[in-house]
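Scroll down for the structure; my scribbles are underneath it.
Coordinate-derived values only; no laboratory data. Being a predicted model, the structure only gives us computed values, none of them experimental. Note that we place each Cβ from the backbone using ideal geometry, even for glycine, and neighbour counts take in every protein chain shown.
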Amino acid sequence: MKITKIDTSLYRFPAHRKIVDAIQEFTHMEVIAATIYTDEGTSGMGYSYTIGRGGRATKVLLDSEVVSLILGEDPADIERLWEKMWWSLHWVGRQGLVSLAMAAMDIALWDLKAKHAGLPLYKLLGAARDKMPVYDTDCGWLNHSQEELVREASVLVQQGFTGIKIKVGKEKRSEDVERLRVVRKAIGQDTKLMVDANLRWSAGEAIARAQLFEEFDLFWLEEPIEADDVLGHEKLRQRTSIPIAVGESLYNRHVFKEYLARGAATILQPDVGRVGGVTEWLRIAHMAHSFNVSVSPHFLMELHIHLACAVPNALWVEHIPFLNRFVQEPLSVEEGYAFPPNRPGHGVLFNQQKSEPHLVETNSWPCE
Ligand SMILES: [Mg+2]
């Protein structure tokens, strides 16, 4: 089998609501998509994303470098093609734009492979289970008032959600503490509560805030410190009983390995769009399993439902319904669980009518 054509597209989808965390506002999700076609008339689609900046640069990289590495290749050889992309681009790559461009292509290759096998992606990858608990992040943005936090979190608990995450990182420590107090009271002791600081603090500030948060029985404290500061996280872990979650800002297995080897994180949160696709995501998840550490993937619930179901050490899928308005069929969530679609591939299809107005550009490459 041979890849004979590749289409690439850039979309700029507006957020469904105002989204603010401790370091930024997230107004648009740029989706960089690649669709590969074969000489057998089959196709696979993959995508990665940004939170509003860098989408065009990622697409230029995909178009000018990645496409030519993949056109004419046998799509069955995913490990070989991943290494080919990595080593062809490592000089300018290893993380960031290159990782994002590689992810779109790698996910397209896995989608195609699953379609050829006639299996949903999670089944092709080994299916440790067929549903995952979801926790919600969408109720807990930093711009939400205490009343909004309480109202939305309460509704979600009634709907069956067993985990709620809220953003922290307000200027005043006391404000974070008050927000946690009202939410914990509203959701009760039996709902898991997580907090996310989006890289905001120094190690010292993270230690101080974590000590103030101890009384709320948190399930994890996420991204308290700049992502590459493994030593800072190690110090924090020694000073708090709250589990520490990191990973959405890490781009390859090498940094994850350092976190595991130093015991600097309790839960890992790899993002398939940022770590270069399914191939690297699985390496990270299996490596974590060897350390008896769980993974809880970041965002992209439509793709991560498959990956979380595929490995035995996944904890949750993160619920943020950003793409619900633009896909053919939103991810099925019932009673606090998400279910992978039962069709070949990852099953994510953008709704043409609804996504077209947000299409920035599209290109197509035939094979010479
Ligand atoms: Mg986060």
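Details
- Entry remark, region 179-194: residues being within 18 Å of D21 (Cβ to Cβ), more than 16 Å from the ligand (Cβ to nearest atom) and either touching a residue at least 40 places away in the same chain (Cβ under 8 Å) or acidic (D, E) (or both) number 1 in total.
- Verdict on T38 being surrounded by fewer than 21 Cβ atoms within 10 Å (Cβ to Cβ) and either touching a residue at least 60 places away in the same chain (Cβ under 8 Å) or away from the ligand (no atom under 16 Å from the Cβ) (or both): yes
- When restricted to residues that are away from the ligand (no atom under 16 Å from the Cβ), assigned to a loop (DSSP other than H, G, I, E, B) and among the β-branched types (V, I, T), region 297-351 contains 2.
- Filter result for S364 (among the polar types (S, T, N, Q) and outside any helix (DSSP H, G or I)): yes
- Within region 89-109, residues that are over 17 Å from E30 (Cβ atoms) sit with their Cβ atoms under 6 Å from residues that are part of a loop (DSSP other than H, G, I, E, B), at 6+ positions apart or across chains, in these pairs: Q95/Y251; D106/G277; L109/P75.
- Of the helices (runs of 4 or more DSSP H) entirely within region 35-125, those holding at least 1 residues that are touching a strand residue (DSSP E or B) at 6+ places or on another chain (Cβ under 7 Å) occupy 55-61, 67-70, 97-117, 121-124.
- Residues within region 123-155 that are among the hydroxyl-bearing types (S, T, Y) and free of Cβ contacts under 8 Å to residues at least 40 places away in the same chain, tallied: 2
- Of residues in region 291-329 being surrounded by fewer than 23 Cβ atoms within 10 Å (Cβ to Cβ) and polar (S, T, N, Q), the one farthest from P270 (Cα to Cα): Q328
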